[in-house]
Amino acid sequence: MNVAMARHGSPVAHRDVQAESFSGWVNLRDGGDPAVIRDQTHATRKTGDPLLLRCPEGWVAFYGRLDARACLARALGVQNEPATPDVELVRLALDKWQENAPRHLLGDFAIAAWSEREKSLLLAADVSGLNTVYSWRNGDRIYFATSLRDLLRESPVPLDLNEQYVADCIAMNLEDNDATPYQQIRKVAAGTCVVASAGRDRVVKYHRYDIEHRIRLANDNEYVEAAWELLQRAVRDRTRGLNTVHIMGSSGLDSAAVAAATAAVHSKPFEYITAIPDLALPTIPLHPTQRNEQHLVEVMAHAFPAMRATFVPPAADQNWDPGWPEHVQANYAPHRTAVHVAWFHNACGTAAQLGANTFLGGAGGNMTLTWDGWRRLPALFLSGHRGEVILELLKGCGGSPRRFAGLTWRELIRPLLGPRYDYRSLEKYAGLRRQAVDEFDLLSRMRATGNDPSFVRSLDNRVWRLQTLLRGRARRTELTNMHRSLYGLTQSTPLLDQRLVEFCLAIPEDQYLRNGNYRWLARRLLLAAGVPAAVAENRRFGYQHPEWFAHLTESRPAMRDQIARLRSSPLASRLIDTDRLDRMLDSWPKNPVAAERLRSELGSVLAGSVAVGAFVQWAENGLRARSAVAGQIRD
């Protein structure tokens, strides 16, 4: 076991980090000059694996990573797959399958490709939502980039805000589409490619999850073995070519699965960075392993000698203001969870100091490998298996009447009553004015997409899981690009691997919940992979950022000032109920216990609204500044 503690308050270099990206423009009538492609290549990218490939047929710009390369190479007739860069495989795939090429590609990637013969530009995004291409079409000229920041810095695109997008961001109404915070800018939606020519743009949806697909194996053990094989494959693909693997993880089942698979497929030591609280500050009352996950991570590191654990508290000089400009300037997009992101700031900086340019994480596991299985109960109940439902609830509550009542209400009765698409449910976590909710028809649009503001689970748990996965990927690119901009880090998510997601959606629901043992698939897999029972069988959720109230209290004066500024913003004052935010500051809780009962209101309504409002004000100021210096944008 190797354990280290990052020094509290140690400085972290993170400003103006140059991460891998590409950007450029083409004229669809005159042709695409590859000289206009600008690529920023990370210093650690291996020689001979370029972002841009020029060829007689045009050019291909590729950012990201291809998986299942050997299978793709065979389909393309490539003899020396290990020596062939990803971008060359993409070029060959485009030559063979044209606009259908992305459906033959696995991985996390963004693609821009110019066809000289067709005089067309193809832009493609991966299925997971980690990477995309943003674009602005001005007549026959298209500007494009893998980040909003690059596109806005390198083109004269108008800064006019997409007001509906901003309102949706405050309401957490995440739609899996091509919308961005700016009216004139589109992004390529996940699992989609766009083919632009002088006459028109065509959108090709190259991937859809098949919710009707089912997988049946011979016995329970085979499901565990199949899931373990897919997880190892996902980690192996994502760590190809890395000298050292870095994981940003906790003691939860998601992170433990990534650590176990990394230990299984790599013989060399790997770094495991865990954010821990500043225990000098008051926290809410919690079990010690919930408040601070360090002990359980150390238990896991003891089981995997190659795992080098580093524990990182927040920096002493961390800015906890939800309207912190650095978050906005990192990607020119709103982030309503800015305070939560700030809690990981020092941990991300530490990962960069340890030499990471890519880190693995456990994001997405709750809907895939570590799905708890409880949402199958309403369907079982309606199908007449009521005895089985009661048995699962009784065994799952561990003999606690209080837990039995809570489980029965949350997982059975409430879903059977149905969702509530009403303002009262929405206002519990969104600081929108009632007039803004009506103006943008928020509740009707949430009903249309199944995004229930009361967070009631759908009776069809597979549909609910898929809807949650699709909403999650809708804004994933913006967060990914913020990591790249602030720290030079690229996030990689094995538990959102397309192959693993499709498997987890297709297997029987009783693999996740059996005899009250929820997350049964993950627990069996972890125990078989050597994860200690203290971690694999742990039923207590780790509580990230348990000292949140102390940090939010520190930023209270800054929030007061920011709310006053929002009143002068034309859009923010129209969308955000600033009077309500002021009342929340005036009736501040006296201690963390009282604050925890109001965490949704303080963390989501107050801090979330301030964060999005700060972005709106920043964009409005930028629009005025750009108007004053028209013509100075680089072209």
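Per DSSP H run of n ≥ 4, the term is -39500 (n - 2.57); total these for the chain, divide by its residue number, and report the mean residue ellipticity at 222 nm rounded to 500 deg cm²/dmol.
-11500 deg cm²/dmol
Using a ≥ b ≥ c from the Cα gyration tensor of the stretch 490-544 (square roots of the eigenvalues), is it rounded, prolate or oblate, where a/c under 1.5 gives rounded and otherwise the larger of a/b and b/c decides, a/b for prolate?
In terms of gyration-tensor shape, oblate.
Could you please state how large a percent of the accessible area of the stretch 328-404 is carbon and sulfur, counting protein chains only and using a 1.4 Å probe?
Values: 1660 of 2850 Å².
Answer for the stretch 328-404 is 58 percent, counting heavy atoms of protein chains only.
I'd like the accessible area for residue 76, computed on protein heavy atoms only with a 1.4 Å probe and all protein chains in place. Round to 10 Å², please.
30 Å²
So how strong a dipole does the stretch 396-506 carry about its Cα centre when Lys and Arg Cβ are +1 and Asp and Glu Cβ are -1, to the nearest 20 debye?
The dipole of the stretch 396-506 has a size of about 260 debye.
Output ³J(HN,Hα) for the stretch 139-156: one whole-Hz value per residue in order, computed from phi by the Karplus curve 6.51 cos²θ - 1.76 cosθ + 1.60 with θ = phi - 60°, and x for Gly and Pro.
Each residue's phi maps through the Karplus curve to give x, 9, 9, 10, 9, 8, 6, 7, 9, 4, 4, 5, 5, 6, 6, 10, 9, x Hz.
In the chain, what is the count of Lys pairs whose alpha carbons are under 23 Å apart, counting only pairs at least 8 residues apart or on separate chains?
Details: 46/268; 96/119; 96/205; 119/187; 119/205; 187/205; 428/590.
Taking the Cα cut-off of 23 Å, the pair count is 7.
Just how large is the dipole of the chain about the Cα centre, in debye to the nearest 20, putting +1 at every Lys and Arg Cβ and -1 at every Asp and Glu Cβ?
So the dipole magnitude of the chain works out to roughly 800 debye.
Please work out how much accessible surface residue 543 shows to a 1.4 Å probe, ignoring ligands, DNA and RNA, in Å² rounded to 10.
The accessible area of residue 543 comes to roughly 40 Å².
Note down the magnitude of the dipole of the stretch 190-309 about its Cα centre, charges +1 on Lys and Arg C-beta and -1 on Asp and Glu C-beta and zero elsewhere, to the nearest 20 debye.
Value, rounded to 20: 560 debye.
Using a 1.4 angstrom probe on the protein heavy atoms only, could you order 438, 372 from most to least accessible area?
Of 438, 372, the descending order of accessible area is 438, 372.
Per residue, how many Å² of accessible area does the chain show with a 1.4 Å probe?
Each residue of the chain exposes 40 Å² on average to a 1.4 Å probe.
Pull out the extension gain between residue 594 and residue 502, defined as 0.36 nm times the separation in residues minus the alpha carbon to alpha carbon distance; nm, one decimal. Can you show the working numbers first?
Values: separation 92, 0.36 × 92 = 33.12 nm, distance 4.23 nm.
Full extension of this stretch gives 28.9 nm more.
Spin-label point model (7 Å from Cα, Cβ direction): what's the residue 586 to residue 402 distance in nm?
In this crude spin-label approximation the distance works out to 3.5 nm.
With all protein chains present, calculate the accessible area of residue 246 using a 1.4 Å probe and round the result to the nearest 10 Å².
Only protein atoms counted, so the area is about 10 Å².
From the square roots a ≥ b ≥ c of the eigenvalues of the alpha-carbon gyration tensor of the stretch 271-325, which class results: rounded (a/c under 1.5), prolate (a/b over b/c), or oblate?
oblate
Take each uninterrupted DSSP H stretch in the chain, measure its Cα extent along the helix axis, and return the ones at 30 Å or beyond whose mean Kyte-Doolittle hydropathy is at least -0.5.
607-628
Given a 1.4 Å probe and every protein chain left where it sits, what share in percent of the accessible area of the stretch 180-233 is carbon and sulfur?
In the stretch 180-233, the share of accessible area belonging to carbon and sulfur is 44 percent.
Simple spin-label model, 7 Å along Cα-to-Cβ: residue 78 to residue 184 in nm?
Once both label points are built, they end up 3.8 nm from each other.
Based on the alpha-carbon gyration tensor of the chain and its eigenvalue square roots a ≥ b ≥ c, which shape applies: rounded if a/c is under 1.5, prolate if not and a/b is larger than b/c, or oblate?
Values: a/c = 1.41, a/b = 1.14, b/c = 1.24.
Rounded is the answer for the chain, as its axis ratio a/c remains below 1.5.
The values are calculated or read from the model by the stated rules, or taken from the named source; none is laboratory data. Since the structure is predicted, the reported quantities are computational estimates derived from the model, not experimental observations. All Cβ positions, even for glycine, are placed from backbone atoms using ideal geometry, and neighbour counts span all protein chains on display. Remember, those area values only see protein heavy atoms, side chains included, never the ligands or the DNA or RNA. Shrake-Rupley method; radii C 1.70, N 1.55, O 1.52, S 1.80 Å.
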